[in-house]
1. Let me know the longest stretch in chain A that avoids all chymotrypsin sites (Phe, Trp or Tyr not before Pro) found in a DSSP loop with at most 13 other C-beta atoms within 10 Å.
2. If neighbour count is taken as other Cβ atoms inside 10 Å, put A:Asp22, A:Asp173, A:Asp166 in order from fewest to most.
3. List the residues of the stretch A:95-111 whose backbone N lies under 15 Å from a point placed 7 Å from the Cα of A:Thr135 along the Cα-to-Cβ direction.
4. Can you tally the net charge around B:Glu299? Count Lys and Arg as +1, Asp and Glu as -1, for every other residue whose Cβ sits under 10 Å from the Cβ of B:Glu299.
5. For a quick check: sort B:Ser337, B:Ser9, A:Ser86, A:Ser73 by the number of other beta carbons within 10 angstrom, fewest at the front.
6. Kirkwood Rh over Cα pairs of chain A into Stokes-Einstein at 37 °C, 0.692 mPa s: D in µm²/s?
7. Tell me, what is the FRET efficiency for B:Ile334 and A:Phe65 to the nearest 0.05, using R0 = 45 angstrom and their Cβ-Cβ distance as r?
8. Taking the Cα centroid of the stretch A:48-95 and of the stretch A:116-154, what is the distance between the two, rounded to the nearest whole Å?
Amino acid sequence: MIQVNHLTKVYKGKMFETKALDDVSFSLQEGSFVAVMGDSGSGKTTLLNILGGMDSATQGEVLFFGTDTQKLSPGQLDKFRKENISFVFQHFALIDEYTVYENLEAPLLARNVKKKVRKKEISEVLKSLGLEDFTYQLPDQLSGGQRQRVALARSILCKAPIILADEPTGALDEGNTSRVMELFQALHKEGKTIILITHDEKVAAYAERMLLLRDGRLIKQSGGQE
Amino acid sequence: MHLWALLQSTFLQIYSRKKAFFVTLLLLVVSFLVVDYALMILVPVCGSKAIFSQTLSRDSGDIYCLNMWKYFFPGYYAQEDIYSLLQDIQGLEQVEGAGVYFYTNTERITAEDSDLLVISPELLSMTKLRDTTGSGIDLSSQEGSHPAAVGYALRDRYPVGSVIHDIQQETDYVVKYILEKDCRFLGEDIGSGLCASLDERIVVGASAYLEEYMFALDYAISQNSLCFFVSPKADIAGIEPQIYQCAAAYGLDIYNIKSFSEKADMSFGDIWQEKEQFVMPLLLLIMAVVATIVSSMIEIYTRKRTIGILYATGYFKKDIKRMYIMENVIKLGIAFSVAIAYWNTQRDFFAQDSAYFVLRQVFVVSLALTLVMLVVGSIFPLRQLDKLPVAQIVMEESE
């Protein structure tokens with residue numbers, strides 16, 4: 001389903017060139033739950049950004065269902081991303097001025113979902129994540145764990161088959177970390193493909209497969225199909 | 001994205017920062033109120049300039065006109081005095097003519113857009129209305145009967161003696177005259193509007209309408225008649241005091257059209273000196289435009305994280321741009337509407353009969369200004385948004 005072939009990313013500065021990814025290749029099946037691990041600067045986030053269509057590769061290809069996203073026009077890439085990918089960020093990426101409800105409403109509005117349906121879907125997802133009491137609160141009135149659950153709720157509402165999560169538990173305590181990871185597992189069971197970046201082995205253990213990056217190179221793959 | 005979803009997203013965005021939106025809106029509303037006020041002063045001046053241009057291009061001496069504006073309020077309509085004054089002035093040496101048609105080929109205030117034209121019976125002698133028998137027309141009401149004159153094309157539909165019922169005024173008019181073919185109030189050389197052919201119109205006296213009578217028709221006819229030229233060779237210094245003296249004897253105002261027109265010809269420097277009522281609102285408007293642009297640009301800069309998040313959750317860049325345009329449309333639309341609605345309630349500010357005319361002009365100019373502001377106010381922020389590395393912002397969210 002996802003095929004990454006010889007992916008290389010070089011950032012060119014005035015004086016130096018930095019190779020963030022160096023000839024990375026792997027493939028993932030639909031419905032996989034993969035943890036990408038590595039130290040800071042190992043290229044994990046760069047890989048995620050390229051997979052999410054936010055950044056482009058210097059070389060190589062990223063095939064989703066046979067389509068090379070590197071060859072798509074910006075408009076096509078936007079459309080592809082909207083239909084296939086949702087993001088979960090370390091710092092939640094919630095709009096501070098919007099209430100929880102409004103934060104969850106935004107992706108549905110972007111997908112032209114009608115008001116009644118929006119209301120129903122938001123209510124259901126909030127209930128399933130135990131957030132119904134916070135519907136009309138602003139993000140800064142919530143704890144870190146609650147915010148990340150809201151971010152996950154938003155990701156669920158996007159209805160994208162692939163979830164890219166960048167250190168989603170990086171700002172959470174242990175209790176909230178396990179709760180959020182259980183939610184990821186539940187999403188995985190529902191058939192979502194999850195690519196999760198972490199440097200925490202405990203978090204990585206929730207995934208069925210692990211990719212280890214070092215200095216931009218994929219040095220180890222474990223679990224699942226390699 | 002569908003338009004409706006975009007609109008809801010825009011409202012969501014506006015609501016989330018309602019205070020900032022309200023402040024910008026307030027500035028725009030004040031600007032439009034002041035600018036519309038200035039336009040209401042400016043429009044008649046520019047209009048007069050256009051109206052007078054043809055007459056002024058003649059090789060004539062000074063032109064004087066009765067200042068009719070003050071006579072349109074109830075109780076001030078001194079018709080008899082005006083007639084007497086005209087006769088007195090005509091008696092003066094060096095006055096070439098009175099009752100000249102002054103507004104040749106120009107658009108003017110129009111009466112109600114109905115088949116029924118209302119006119120003060122006393123003014124009929126100043127018009128060119130003639131009936132088919134060649135007899136004079138008298139539309140004064142007598143013993144509860146209200147006479148009417150019908151256009152030539154209506155002669156079979158409303159023959160002499162037939163009754164026309166005015167549903168609006170609950171009044172019956174008895175057809176007394178059939179107007180000559182292609183009959184006009186003021187002759188063929190006069191422009192459109194009131195001076196068009198009356199073939200399909202019905203003319204009635206104003207007496208039955210006293211309560212709601214609008215003086216538009218009287219105004220146009222009087223203005224066409226109550227002006228007079230002074231010979232180009234005239235000794236202005238000598239004749240002008242006599243003219244003013246005549247007017248003063250009846251308590252009426254007379255003004256010199258040429259000097260009035262020259263005011264409209266003033267240079268920008270003169271306008272700056274003498275017409276700050278136009279310049280200040282213009283500056284305010286420019287400030288409002290700049291404020292709109294700057295606030296939009298600052299907003300894009302300070303809200304780039306929000307823009308990035310919207311992008312990451314499925315909004316396209318073009319959707320976000322449309323949201324900004326919609327927000328500007330809403331802001332400017334509200335400001336424009338509030339200002340027009342306010343001035344519409346303040347019609348007494350003008351002579352009543354000219355209010356609609358002036359407001360219509362102000363509406364058009366103000367609408368044009370709104371569109372210009374919308375374009376100017378959106379171009380720069382949208383260009384800035386175009387350059388915004390949205391993907392970069394989303395990536396920064398991961399760091």
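1. Segment A:137-226 is the longest.
2. A:Asp173, A:Asp22, A:Asp166
3. Residues passing the 15 Å test: A:99-105.
4. My count for the surroundings of B:Glu299 gives +2.
5. A:Ser73, B:Ser337, B:Ser9, A:Ser86
6. The calculation lands on 182 µm²/s.
7. E(calc), rounded to 0.05, equals 0.40.
8. When both Cα centres are located, 25 Å separates them.
Just so you know, all these numbers are worked out from the coordinates, no wet-lab data involved. Quantities reported herein were computed from a predicted structural model and do not represent experimental measurements. Please note: Cβ atoms are built from the backbone with ideal geometry, for glycine as well, and neighbour counts cover all protein chains shown.
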